[in-house]
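Written out below as structure tokens is the structure these notes cover.
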4 protein chains.
Amino acid sequence: MKTGYNALFIPGPTNMPFRVRQAMDVALEDMRAPDFGDFVKPLLEDTKKVFKSETGQVFIFPGSGTGGWESAISNTLSPGDKVLMSRFGQFSHLWIDMCERFGLDVHAIEVEWGKGVPVEEYAKVLEADKNHEIKAVFACQNETATGVTSDIAGVRRALDAANHPALLMVDGVSSIASIDFRMEEWGVDVAVSGSQKGFMLPTGLAIICVSQKAMAMREQAKLPRTFFSWDDMERMNATGYFPYTPATTLLRGLRASLDMIEEEGLENVFRRHHRLAEGVRRAIFDGWKLKLCAHGPEWHSDTVSAIVVPEENDARDVISRAYERYNLSLGTGLAKVAGRVFRIGHLGWLNEVMVCQALGGAEMAMRDAGIMVEPGSGFGAACEYWRTAETAGMAKAAE
Amino acid sequence: MKTGYNALFIPGPTNMPFRVRQAMDVALEDMRAPDFGDFVKPLLEDTKKVFKSETGQVFIFPGSGTGGWESAISNTLSPGDKVLMSRFGQFSHLWIDMCERFGLDVHAIEVEWGKGVPVEEYAKVLEADKNHEIKAVFACQNETATGVTSDIAGVRRALDAANHPALLMVDGVSSIASIDFRMEEWGVDVAVSGSQKGFMLPTGLAIICVSQKAMAMREQAKLPRTFFSWDDMERMNATGYFPYTPATTLLRGLRASLDMIEEEGLENVFRRHHRLAEGVRRAIFDGWKLKLCAHGPEWHSDTVSAIVVPEENDARDVISRAYERYNLSLGTGLAKVAGRVFRIGHLGWLNEVMVCQALGGAEMAMRDAGIMVEPGSGFGAACEYWRTAETAGMAKAAE
Amino acid sequence: MKTGYNALFIPGPTNMPFRVRQAMDVALEDMRAPDFGDFVKPLLEDTKKVFKSETGQVFIFPGSGTGGWESAISNTLSPGDKVLMSRFGQFSHLWIDMCERFGLDVHAIEVEWGKGVPVEEYAKVLEADKNHEIKAVFACQNETATGVTSDIAGVRRALDAANHPALLMVDGVSSIASIDFRMEEWGVDVAVSGSQKGFMLPTGLAIICVSQKAMAMREQAKLPRTFFSWDDMERMNATGYFPYTPATTLLRGLRASLDMIEEEGLENVFRRHHRLAEGVRRAIFDGWKLKLCAHGPEWHSDTVSAIVVPEENDARDVISRAYERYNLSLGTGLAKVAGRVFRIGHLGWLNEVMVCQALGGAEMAMRDAGIMVEPGSGFGAACEYWRTAETAGMAKAAE
Amino acid sequence: MKTGYNALFIPGPTNMPFRVRQAMDVALEDMRAPDFGDFVKPLLEDTKKVFKSETGQVFIFPGSGTGGWESAISNTLSPGDKVLMSRFGQFSHLWIDMCERFGLDVHAIEVEWGKGVPVEEYAKVLEADKNHEIKAVFACQNETATGVTSDIAGVRRALDAANHPALLMVDGVSSIASIDFRMEEWGVDVAVSGSQKGFMLPTGLAIICVSQKAMAMREQAKLPRTFFSWDDMERMNATGYFPYTPATTLLRGLRASLDMIEEEGLENVFRRHHRLAEGVRRAIFDGWKLKLCAHGPEWHSDTVSAIVVPEENDARDVISRAYERYNLSLGTGLAKVAGRVFRIGHLGWLNEVMVCQALGGAEMAMRDAGIMVEPGSGFGAACEYWRTAETAGMAKAAE
């Protein structure tokens, strides 16, 4: 018999703000009402701000991040098109898999799990592609499976250095609205996110932002698309409506979420995520004396930490004990790192005291599973960091 | 300044039961939790019952009915495949449009709006197709735009008479869970529905049921699919999980909706819809002396009535007055019937007293718009029918 | 098996606005938090505006209107004090009963049920009371049991004419926030209301407003009081806090309710109530050819109509059929008028289309019970009035 | 700018279960509906079980625990009646104050704050009261201000030893449904609780249980009572209804709360509270090296710990930092212990991981306030206890 709530520390879905939950607790509504467009238009505009885009076009589809990936591909590419990708975790893998299913000619660079987009190799490949056969370059900003953040600005520099016209497609599902992302500045062409991560909503929306350059690719893109087509959506959105029934309750929730992000300030949201993540890393390194899957500070993710357990242990024991005995959900290790890592998601509507739940539960579950970290050590390291680092919203946490 | 709630009488989204709303007012959850599958498996099984399918496979995608259509097509067909369809309203039109976008060879029979699937013409075409070039026959069970219900059993009989192996694809978006539908008995191969109609949920789910025959078509179907692919979904659903993050709040709502349907009894749900619809028709015919878009009783829909306004009037005036002045949402006329009809949706979580709102508001709005129906006439006719016809749940309303 | 919601047309609790429901759907909170007072102080101030009081003191007790009555009595009077009251319905009766239990010397004037406070008789009694033995005069502004509104300004004039210093105590439970009430202008000393009527909240709060004159009476009032004491409450409220744990969820709901009243405009709220009530009366008089319990237009209540059934019928049959068969709650006849009247509450968060439910359901239930009103007659009369009378919020409905 | 929720660790209101919150998120209802009594009767019966009463009578008043105190007094006693009480904290003090306001002759024994009901002194006083002038003995089972639990069974033994017929009145506001309480076995005559503690509901209900002996006292009790009268309530409750409008949303929440208690098992609820409390005490004693206000293990409360700060510190600094900086609500020191203690409430819907929030936040806030407890020490001690003590629900945590 479990009591209390399940403490949700997977890297998405995240802790939904009560205000968002309330905003969605509404009656259904007439999506053709005369004033519905007055709600939709600013919603799309404000969503765009989260991408730091000025000239882009935002699309919100019923679906999930996976649907967003599909939308990015099918509206811009044709069967046989060459694309440059890299695989370093389950989610970067799945996007590669999708491209292959769509009949693209995928050049996938294999990277050790724990590192991210290989910017230098990308640079070399792009430099070598004198005929510009590569139509799009894909980059996963935050690999959720390994807790690795990649350098998207670096990918843009590689493209620019090679003077390469390929589209830049970014998977920002577990980074956008949590980790700094700059659509315009970095020249991203399609950025894909979902509702259930930094947007702090239930799953159910693919949220993407598209550059005008990518919009223009539709004319030559031969892949079929209807549900995830930009054409119908762009035409109807211009009037404030949708080509098919939109998920109005989620849109109402998104309104609340955007308001909260605006009130906190997007930069403060990023700082808070960094600060919370850094506390968790202090717990892992200084307290528990464990390692992250991420190979170095340059890869550290501020939304999820994948913690490597000692070789003689199985991370699944930690996860199952946390869930069964302490009502705490931790993220599991996927594919290649199954059993080797457990993950703490630290994104969304969180503060220090809330994160204490993950630290406490993980500590108990690890010791239960035979990983004898010092009791209170992770917690003490994290709290002392949080206490002495400057407050979120005032300054970037001192390192 | 409007007060009170907006009375929602469009043909979907419908009035969400308070119990369903409550069921979705939950925290987000771990879709990989050890016990999540214990929730998912019976959910899929119980959804199947609503389709009256025993051997079929149910799929629930984040999306909408439109996504369900796409899933039906892309998992079973290949570019250039010949399909038999018919167009008699905006939604039957849109499915045709989708098939054309997917590069299918569409044989679309044009039917007067107000009638439905031309079963006899289908029979002739199928009979003539000796080489079985037609791979699939499409039928819209309930054309939401015109309030017309078609004879799906008749389409099956036409297929059987011609001994034709084509798949039978049915759009049941605005009929399933409201109007009798029999997947198994009628040999339907793919039935498509959405969450926001008879399932009484918010928009956000495509709910489809697939016959084993259709499942087997995947091997030869060449259209690309990933998000709406049956393969990944089938494999993961078998374990109680999903290939990508599911829309858990909607699934929780679906649980409540299925429980409510089970408690009322599916046949009673159908009877109630018929009874409410018949009352509305009495109001239209006997009270207001107006006509339906549907050309005769054999086409009358039990989920939506499209009311034709006198030639000198514009139905949009009725709709806008109802919305602006009385806070009542009526359905608009789409495409060919724009301005000619307004629609009263009478599906979902409704009873007689609730429907009185549509009758009262429509009466006031019509008189405001210069359609001088006799005050109280529609209402009187409907209520007297409801009062004297036997009670829903006890017997099929006497005619 | 009932489907749909129960249509709530009792004279309180009323239809709670969705916005109020949402506002209360919150976590519990720390009622001693440093910023809790910042919420409480403007809440009390804004509540006072609804009473049209400038110099009064508002108190919000966990409880109900009955608790408010007790608070009014116990903080101002002493055992044996003489009070002037009148009985013309179940609720005016109950307040008399309470005064008697508190050992007051009650001079209760018996009035025919269907009329209200006998202002002229009050005037005579007050005139005759040269020694000012009467310490308080009680008046029920709206007798919920009979649908009768009394002339509070008249009672004030009677007091003034006699130059009588007695306190004026008003039961405004089913009138305040729905029917015009003027604490300051009418010189009311204690006005009592509850959360579940015009304030559109769940039951659970006694909301009262007290003049400074009444506040000063505490010094000599000998009746015991602790829970409903003004002393502790006044002292703590001044700081924004409460002497014991307040019902914070209801207070959050009250905030939303006050915001809604402010946005609509208090005078518009009154006009809307009048307009809806007048439509219901047209249904009763012009449509159904029935009578109200209220003896004439001067007594007509804008929040509740008590409809007299023909002598050969029992109103309870109407009420039970409405509830059991149509899922509609009507108000029952209480005490002396049991079986003779059924009541339609038309107060709170309502519009014309919503009220159609009560008219439709009542019509069906009456005919079921053998009261053969003309089908559609009530509805037609009401709707035609609503349609042609000017819109609520723009002008007082023309008579 | 605070983010995340406020972590609520005051000793009531408590963390409301999501299920309870959902159960209250309903439309208002007709409290005179034919089937309302079918809901009320089992609700009252099941509430009684929580008191472990078989022959008692449960009453649920709109109000708060303070209203419950008043109900206990005014229904059983008369002005001038002698009562035996003891004062050892703010809440035991307030009940004494109420008795004095009601004109009772209070014999109040002063006890050092940190201890509880002085059973031996009670025994002496009762033994000496040969004429049985003492009409009632009052005992506060759990003094919320100091975190002290008293021995109610001991008070019963003292009464029995003296063969004394006085009523035994118990304040169980912060103990009932959290700490073992045995109405029947201990011969308690009136037990008072409120909705916002162990019942895990919002504030708004006084919940009391009354023995038949106390019920019989009404005949001779001269104190006035109407709102809190047992007579009206008993008469109406017998039919499943209430003498005035009940707080239906809270009653719906109570239904959910009772179901949850039943499902967990009342004894398991007690064990869980003990287990969580013991973990907190390990943090305080073994980790932080601080002291409780409670003077020894026999007084330790399983629902609230009042932690004494070092003499040179002010506990208010801890509380304000916890609230302002970490969004954590701790209980303040009241009256005599203001500034000397801060309190952690650990009652209601809680588990170990949830309590980690209080430990983490308190540790940070204490260090911020200059109380330099060892980082992670409290947390480590608590978690190791929780991890190694047997699981709640399986066995009483080993001491």
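Each reported figure results from applying straightforward, stated rules to the coordinates on display, with no laboratory input. No experiment lies behind these values; they were computed from the predicted model shown. A quick note on method: Cβ atoms are made from the backbone with ideal geometry, for glycine too, and the neighbour counts reach across all protein chains shown.
For this structure, a couple of remarks:
- Spatial offset of region C:103-168 relative to region B:104-152 amounts to 77 Å, using the alpha carbon center of each.
- Taking a ≥ b ≥ c as the square roots of the Cα gyration tensor eigenvalues, region B:1-148 comes out oblate, since a/c reaches at least 1.5 and a/b does not exceed b/c.
- Note on region D:121-257: semi-axes of the ellipsoid equivalent to its C-alpha gyration tensor, largest first and rounded to whole Å, are 28, 20, 11.
- Gain on full extension, evaluated as 0.36 nm per residue between B:Lys2 and B:Ser78 minus their Cα-Cα distance, stands at 22.2 nm.
- Distances between equivalent label points of A:Arg157 across the copies, with each point positioned 7 Å along Cα→Cβ, amount to 7.4, 7.9, 8.7 nm, shortest listed first.
- Nearby aspartates and glutamates by direct alpha-carbon distance to C:Lys130 (threshold 16 angstrom, same-chain neighbours under 8 apart not counted): C:Asp81, C:Glu121, C:Asp160
- The long axis of helix B:377-388 is offset from the longest Cα principal axis of chain B by roughly 60 degrees.
- Among beta bridges that DSSP assigns inside chain D, antiparallel share in %, nearest 5: 50
- Only Lys, Arg, Asp and Glu carry charge here, each on its Cβ (+1 for the first two, -1 for the last two); on that basis region A:174-246 has a dipole of about 180 debye about its Cα centre.
- Label point of D:Lys289 set 7 angstrom out along Cα-Cβ; within region D:337-368, amide nitrogens under 16 Å from it belong to D:367.
- The Stokes-Einstein estimate for region D:90-185, based on a Kirkwood radius over Cα pairs and taken at 20 °C with 1.002 mPa s viscosity, is a diffusion coefficient of 155 µm²/s.
- Equivalent ellipsoid semi-axes, region A:231-348, via Cα gyration tensor eigenvalues times 5, rooted, Å: 37, 19, 14
- Based on C-alpha pairs under 8 angstrom that are at least 6 apart in sequence, chain C has a relative contact order of 23 percent.
- Residues C:Arg32, D:Arg101, A:Arg281, arranged from fewest to most other Cβ atoms within 10 angstrom of their Cβ, appear as D:Arg101, C:Arg32, A:Arg281.
- Other residues lying with their Cβ under 12 Å from the Cβ of B:Ala33 contribute a combined charge of -3, Lys and Arg counting +1, Asp and Glu -1.
- Given D:Lys82/D:Lys197; A:Lys41/C:Lys41; A:Lys48/A:Lys135; C:Lys115/C:Lys197, the pairs whose alpha carbons are separated by over 28 Å: D:Lys82/D:Lys197; A:Lys41/C:Lys41
- Here's the list of aspartates and glutamates a cross-link from C:Lys291 could span, going by alpha-carbon distance under 18 Å and ignoring same-chain residues fewer than 8 apart: C:Glu112, C:Glu143, C:Glu278, C:Asp302, C:Glu311, C:Glu312, C:Asp314, C:Asp317, C:Glu363, C:Glu374.
- Chain B versus the axis that turns it onto chain D: the residue with the nearest Cβ and the distance in whole Å amount to B:Gln22, 2.
- The protein assembly as shown, Cα convex hull volume normalised per residue, Å³: 164
- Its convex hull of Cα atoms gives chain D a direction-averaged projected area, equal to a quarter of the hull surface, of 19.4 nm².
- Cβ-Cβ FRET estimate between D:Ala161 and C:Glu219, R0 fixed at 56 Å, reported to 0.05: 0.75
- Ranked list, fewest to most other Cβ atoms within 10 Å of each Cβ, for A:Met364, B:Met31: B:Met31, A:Met364
- Nearest-20 debye value, the protein assembly as shown charge dipole, Cβ charges on Lys, Arg, Asp, Glu: 0
- Simple spin-label estimate for C:Lys336 and D:Glu112 gives 6.6 nm between the two label positions (7 Å along the Cα-to-Cβ direction from each Cα).
- Positive minus negative residues near A:Met372 (Lys, Arg vs Asp, Glu; Cβ under 12 Å): -2
- Max mean-square fluctuation residue, GNM over chain D, Cα-Cα springs under 10 Å, options D:Asn163, D:Asn142, D:Asn313: D:Asn163
- Label 7 Å beyond Cα on the Cβ vector: C:Glu219 copy-to-copy distances, nm: 4.4, 9.0, 9.9
- Rounded FRET efficiency, nearest 0.05, which uses the C-beta distance separating B:Asp35 from B:Asn131 and R0 of 51 Å: 0.45
- Charge dipole magnitude, Cβ of K and R +1, D and E -1 - region A:117-157, Cα centre, debye nearest 20: 160
- Exercise: per-residue mean of other protein chain Cβ atoms within 10 Å, B:58-67: 6
- Which of C:Thr144, B:Thr47 has the fewest Cβ neighbours within 10 Å, and the rest in rising order: B:Thr47, C:Thr144
- Fraction of beta bridges assigned by DSSP in region A:145-211 that are antiparallel (%, nearest 5): 60
- Of all DSSP beta bridges confined to the protein assembly as shown, the antiparallel ones make up roughly 50%.
- Taking C:Phe342, C:Phe270, C:Phe39 as the candidate residues, the one with maximal mean-square fluctuation in a Gaussian network model of chain C, Cα springs under 10 Å, is C:Phe39.
- Between region B:207-255 and region B:20-41, the Cα center-to-center distance that results, in Å: 18
- The mean number of Cβ atoms from other chains found within 10 Å of a Cβ in peptide C:371-379 is 5, as a whole number.
- Copy-to-copy label separations for A:Lys124, where each label sits 7 Å from Cα toward Cβ, in nm and ascending: 6.9, 9.3, 11.1
- Here the spin labels are modelled as points 7 Å beyond Cα on the Cα-Cβ line, and at B:Ala153 and A:Asn313 they lie 6.4 nm apart.
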